[in-house]
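Worksheet: one structure, shown below.
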Amino acid sequence: MNTTILNTTILRKSVLGIAGLAVAGGLAAGPLNHDTPTIDTRPVAAVQTDKPAVDTAKLIPHGVQGDQSHIDLDDEQTANAKAIIAATKKAGMDERAAVVSIATSLQESKLENLGHLGDRNDHDSQGLFQQRPSSGWGTVEQITDPEYATLAFLKGLKQVDGWQDMPLTRAAQTVQVSAYPDHYAQWEQQAADLVAEHWNS
């Protein structure tokens, strides 16, 4: 009889002990499992706010040619670079087209939307790309509008067969027909840096 009571008591304590562990484990497991998704979602939210990276291999596929120049840009010049990028997207062209466009504008005007410079002017060249009304680029009002000027440049670039496979300076020169055809090359790195920074901004 004592043995039976003792065995029953031990059994009862074991069952209660196991039940207590199960309850405690359930309480511990419940909140931990509940909290885990909250912790996991924080990095996902942070990733969603990041800008997608630009494939830098697309920006300078042939490597830069010659020594590179660089200028510090003010807010207006930066805004003009962004306007060129926006117009490039509007034209349905890629990051490389934006690099060629910005490098061309850096050479032609240092990304400044220039009006007529009087005696210092090259004929009637104006705007970001120094396009000439007398050569059919558009009116003064049009070619001094950054979007119009960029779209006009890109229209010319699209007509250059194989421009994507050309060195930047050759592609730019084919559109611009400059007296200094090799000068565009020096701006390729800064143009690529600007596209990398602002393409997804």
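The values are calculated or read from the model by the stated rules, or taken from the named source; none is laboratory data. Model, not experiment: these values are computed from the prediction. Positions of Cβ are generated from backbone atoms using ideal geometry, with glycine treated the same way; all protein chains shown enter the neighbour counts. We work out accessible area using only protein heavy atoms, side chains counted, and drop any ligands, DNA or RNA first. Shrake-Rupley method; radii C 1.70, N 1.55, O 1.52, S 1.80 Å.
The portion of the accessible surface of segment 77-156 made up by carbon and sulfur, rounded to a whole percent, is 47 (1.4 Å probe; DNA, RNA and ligands excluded). Once the 1.4 Å probe is applied to the protein heavy atoms, segment 46-185 comes out at 53 Å² accessible per residue. The translational diffusion coefficient of segment 131-179, from Stokes-Einstein at 25 °C and 0.890 mPa s with a Kirkwood hydrodynamic radius over alpha carbon pairs, comes to 216 µm²/s.
When only the Cβ of Lys, Arg, Asp and Glu is charged (+1, +1, -1, -1), the dipole of segment 64-150 relative to its Cα centre reaches about 320 debye.
Which links in Lys90/Lys110; Lys89/Lys155; Lys89/Lys110 stretch past 19 Å when you go from one Cα to the other? From the list (Lys90/Lys110; Lys89/Lys155; Lys89/Lys110), the Cα-Cα distance tops 19 Å for Lys90/Lys110; Lys89/Lys110.
For segment 94-185, what does the alpha-carbon gyration tensor say about shape, rounded, prolate or oblate, given a ≥ b ≥ c as the root eigenvalues, a/c under 1.5 as rounded, and a/b over b/c as prolate? Prolate, because a/c is 1.5 or more and a/b exceeds b/c.
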